[in-house]
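**Q** Take a look at the following structure, please.
The values are calculated or read from the model by the stated rules, or taken from the named source; none is laboratory data. This structure is a prediction, so every number in the text was calculated from the model and none was measured. Note that we place each Cβ from the backbone using ideal geometry, even for glycine, and neighbour counts take in every protein chain shown. Heavy atoms of the whole protein, side chains included, go into the accessibility calculation; ligands, DNA and RNA do not. Shrake-Rupley method; radii C 1.70, N 1.55, O 1.52, S 1.80 Å.
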Amino acid sequence: MVDTLTPAQRSERMSRIRSTDTKPEVALRRALHRLGFRFRLHGRRLPGKPDIVLTKYRTVIFVHGCFWHRHEGCKVATTPKSNTEFWIEKFSRNVARDAAALDQLHAAQWRVIIAWECDLGSVAKVSAKATEIGAQIRSHIDQHDVGQRKA
């Protein structure tokens, strides 16, 4: 299918796509805050600039858009039919950058959690995901405390 927009119109639309404070990200932050978690936003000093940084738990959370970060098996992660080579290269760079940031964070002993946009599509899904993330963080802390007591 041919793009029905002029290059200027397409550029205008693409410029409105946000990288921070997206609806899924804000919804997850609110849900985590309701669960009692306190955090920093957009850790500029950390690899990949994580969306949510829980310093107390040495945990970071990325809220990835399924289209841009290529969520495997997700119906949103399609490849546009026009200018396909450009998009494939663009997506490859995004995925490689994500993997590099993940490796650097793991090497620095940060715990990384990725929340996908499709998992945050409704209030119920956001609440469930926040509860799941909270349980992961707390279980990791409990395991760490048990290890400290044994030592």
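Here's the yes/no breakdown for (1) at positive phi; (2) open to solvent by less than 60 Å² (accessible area, probe 1.4 Å); (3) of a type in the set (A, V, I, L, M):
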| position | (1), (2), (3) |
| --- | --- |
| C74 | no, yes, no |
| E89 | no, no, no |
| C118 | no, yes, no |
| S122 | no, yes, no |
| A130 | no, yes, yes |
| H140 | no, no, no |
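**Q** Condition first: in contact (Cβ under 8 Å) with a residue 60 or more places away in the chain, of a type outside the set (D, E, K, R) and in a helix (DSSP H, G or I). Now tell me which residues in the stretch 84-121 satisfy that.
**A** L120
**Q** Here's a follow-up. Take the residues in the stretch 36-50 that are in a loop (DSSP other than H, G, I, E, B) and open to solvent by 70 Å² or more (accessible area, probe 1.4 Å); name whichever of them is modelled with the lowest pLDDT.
**A** Among residues in the stretch 36-50 that are in a loop (DSSP other than H, G, I, E, B) and open to solvent by 70 Å² or more (accessible area, probe 1.4 Å), the one modelled with the lowest pLDDT is R44.
**Q** Turning to a different aspect of this structure: Filtering the stretch 1-20 down to residues that are open to solvent by 100 Å² or more (accessible area, probe 1.4 Å) and charged (D, E, K, R), which residue is nearest to K49 (Cα to Cα)?
**A** Selected residue: R18.
**Q** Additional query: Whether any residue in the stretch 51-70 is surrounded by 10 or more Cβ atoms within 10 Å (Cβ to Cβ), among the small types (G, A, S) and touching a residue at least 60 places away in the same chain (Cβ under 8 Å) is what I want to check.
**A** Within the stretch 51-70 (the criterion being surrounded by 10 or more Cβ atoms within 10 Å (Cβ to Cβ), among the small types (G, A, S) and touching a residue at least 60 places away in the same chain (Cβ under 8 Å)), the answer is no, since none of the residues qualifies.
**Q** For K81, work out the one condition from (1) open to solvent by less than 90 Å² (accessible area, probe 1.4 Å); (2) over 21 Å from K129 (Cα atoms); (3) touching a residue at least 12 places away in the same chain (Cβ under 8 Å); (4) in a loop (DSSP other than H, G, I, E, B) it doesn't fulfil.
**A** Condition not satisfied by K81: (1).
**Q** I'd like the full set of residues that are under 18 Å from A124 (Cβ atoms) and open to solvent by less than 70 Å² (accessible area, probe 1.4 Å), limited to the stretch 22-34.
**A** Result: P24, E25, V26, A27, L28, R29, A31, L32.
**Q** Checking A96 against (1) under 27 Å from T6 (Cα atoms); (2) loosely packed, with under 13 Cβ neighbours inside 10 Å, which test does it fail?
**A** Just one mismatch for A96, condition (1).
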